[in-house]
Amino acid sequence: MDPSTLIGATSKLFKNDKMKIAFVALQLGYLTYKFIQNKKEMQYREIENR
């Protein structure tokens, strides 16, 4: 699912601005985690292919 789709769904689900901000922060944290995991995996594959 695209991050902008999740942010749009958040605005529909939560009326409270603080809840929206907290949910978006969680999404950004998750995306950062996935980015770091993917980066580590790519580095491992480069080492493996040498």
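Ignoring lysines fewer than eight residues from Lys15 along the same chain, none have Cα atoms less than 19 angstrom from its Cα.
Here Lys12 is the anchor, and the lysines within straight C-alpha reach of less than 30 Å, apart from those fewer than 8 places off in the same chain, are Lys20, Lys34.
Every number in this text was worked out from the coordinates using simple rules, so none of it is lab data. Keep in mind that what you see is a predicted model, and the values were worked out from it rather than measured.
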